[in-house]
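Heads up: the structure comes next, in structure tokens.
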Amino acid sequence: MFADDNEATSSSLISDPPKSKKPKQRISHFINVSFRFNVSPILRKEICLETVPLEEFYIIIVEVPAIIGKVLSALPPLSNNYSHLKRVKNGRILVQPLSSHLPVNFIEQLCTQHHLPTDGLSLSTTLVPKVKPISNKQFQWAKSYWPTSFHCNKTLESLLNGTFMEDEEKKKIISFFLEAEKVGNRKCGCVIVDRAGLVVAKGGEETTPLGHAVMNAVSALCKSHCAQGSDVVQYLGTGFDVFVTDEPCAMCAMALVHFRVGRVFFNKKNEKEGALESVWRIQEEQRLNHQYSVFRIDEVF
């Protein structure tokens, strides 16, 4: 959450509405304005799915429970790719993926080599979760096929079910977004907020090739920092929040990676050049040495 130090910033924003009609109407009804917006996390697609991929596996069906342990000891361990799977389910034991070769007389060979009884053992196939579930919904779906390990991530679950943000924080987020809208003056606007909840830089769109709102805000932050007597700008925005009216392009999104910002909030999707959701999702690039969280602010009415 943001610190209470920002209350003065929010108050000045409310009492000083811009000239344009639409933002003025929003700010004059600020008490309830947060309810007019949804703040949605932009998550990896595989996280949002309620299912996981399935893979067909060979299984041994054991009719005599007393020998399950002996059969299990005779089988080689599963590869690390399948370490999330439980080995046994109701007298059925996983052997290996169907994609791997298995001799036709596998059961006979196994019994001969390990002195197991041939009666009561048979080979079959079944579908199992190919990957470990990420969310609770995926886990509930996956275990209906085969038991699998799962570790609940409370932060992720809150993002998925919409409980990740308290009302007070949402109000402040919307106020910063409205400030970015005001800075943009019907064009793209950007506001950068530090970890104390204070606005430290603003930037509007210009007509020059590099005059994007995000780049101008970042430049303003650098100039302010240097004016304080420091020439170190790397990681200057560590953990900061960025509010921008339009989805940033790749250049702006990468600039925010370099500055190590914590969260980015945007409103309008950029269908041609958007680098956070529309065309690319830079925050999902594992090759980069930093990823930030991304949220979209939508006006619902």
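General remarks:
- Rg in Å to one decimal, and Dmax rounded to a whole Å, for the range 151-301 via C-alpha atoms: 15.2, 50
- Pairs from the list Lys45/Lys187; Lys45/Lys269; Lys223/Lys269; Lys45/Lys143; Lys45/Lys89 with a Cα-Cα gap above 19 Å: Lys45/Lys187; Lys223/Lys269; Lys45/Lys143; Lys45/Lys89.
- Burial ranking of peptide ranges 94-101, 55-62 (average Cβ count within 10 Å, highest at the top): 55-62, 94-101
- Here Cys190, Cys222, Cys252 are placed in order of increasing Cβ neighbour count within 10 Å, fewest first, which gives Cys222, Cys252, Cys190.
- Remark: the range 79-126 is approximated by an ellipsoid whose semi-axes, taken from the C-alpha gyration tensor as √(5λ), come to 20, 14, 10 Å, largest first.
Values in this text are rule-based calculations from the coordinates and carry no lab data. Everything numeric here is computed off the predicted structure, so don't read it as measured data. Neighbour counts are summed over all protein chains in view; Cβ atoms, including those assigned to glycine, are modelled from backbone coordinates with ideal geometry.
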